[in-house]
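Each remark here refers to the structure printed beneath this line.
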Amino acid sequence: MDDMIKIELKCDKLESLKLYANLLNKDINTMLDEAREAYFREEAEKLKAKEQNATNLSFDEFWDGVDI
């Protein structure tokens, strides 16, 4: 796997990053790392909730009322 990826930011996004970096007194890389962590944490929670919703019935509840 190639360890290099290309990330492109539009000028307005880069300007926003610079503005927030200045306002929050943070490094842009730190802010991007924090945003990445928050994104993956949120997505993991969504996946977990989706998995729990898919398996919330017991075997008997699932097959209740089915005649074979």
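The values are calculated or read from the model by the stated rules, or taken from the named source; none is laboratory data. Remember, predicted model here, so these are calculated numbers, not experimental data. Ideal geometry is used to build each Cβ from the backbone, glycine not excepted, and the neighbour counts take in all protein chains shown. Calculation scope for accessible area: heavy atoms of the full protein, side chains included, ligands and nucleic acids excluded. Shrake-Rupley method; radii C 1.70, N 1.55, O 1.52, S 1.80 Å.
Return the label of the correct value of log10 I(q)/I(0) by the Debye sum over Cα atoms at q = 0.19, 0.23 Å⁻¹, as calculated from the structure shown, out of (1) -0.93, -1.04; (2) -0.78, -0.95; (3) -0.68, -1.00.
Of the listed options (1) -0.93, -1.04; (2) -0.78, -0.95; (3) -0.68, -1.00, (1) comes from this structure.
Taking only protein heavy atoms into account and a 1.4 Å probe, give the accessible area per residue of the chain in Å².
So the chain comes to 103 Å² accessible per residue, rounded to a whole number.
Can you give me the angle between helix 11-24 and the longest principal axis of the chain, using Cα atoms only, in degrees from 0 to 90, rounded to the nearest 10?
In the chain, helix 11-24 runs at an angle near 80 degrees to the longest axis.
Extension gain SER16-THR30, at 0.36 nm per residue separation less the Cα-Cα distance, in nm?
On the way: separation 14, 0.36 × 14 = 5.04 nm, distance 1.45 nm.
Roughly 3.6 nm would be gained on extension.
Multiply the residue separation of GLU61 and ILE5 by 0.36 nm, subtract the distance between their alpha-carbon atoms, and state the gained length in nm to one decimal.
Taking GLU61 through ILE5 to full extension adds about 15.4 nm, to one decimal.
Using only the alpha-carbon atoms, how far is helix 28-54 inclined from the longest principal axis of the chain? Give it as 0 to 90 degrees, nearest 10.
So the inclination is approximately 10 degrees.
Any lysines with Cα under 26 Å of the LYS10 Cα? List them, leaving off those in the same chain fewer than 8 positions away.
LYS18, LYS26
Which order do peptides 36-43, 5-12 fall in by mean Cβ count within 10 Å, highest first? Intermediate values should be presented prior to the final figure.
Working: 36-43: 10.0, 5-12: 6.9.
Ranked from most to least packed, the peptides come out as 36-43, 5-12.
Rounded to a whole number, what % of the accessible area of the stretch 22-68 do carbon and sulfur atoms account for, probe 1.4 Å?
Roughly 53 percent of what the probe reaches on the stretch 22-68 is carbon or sulfur.
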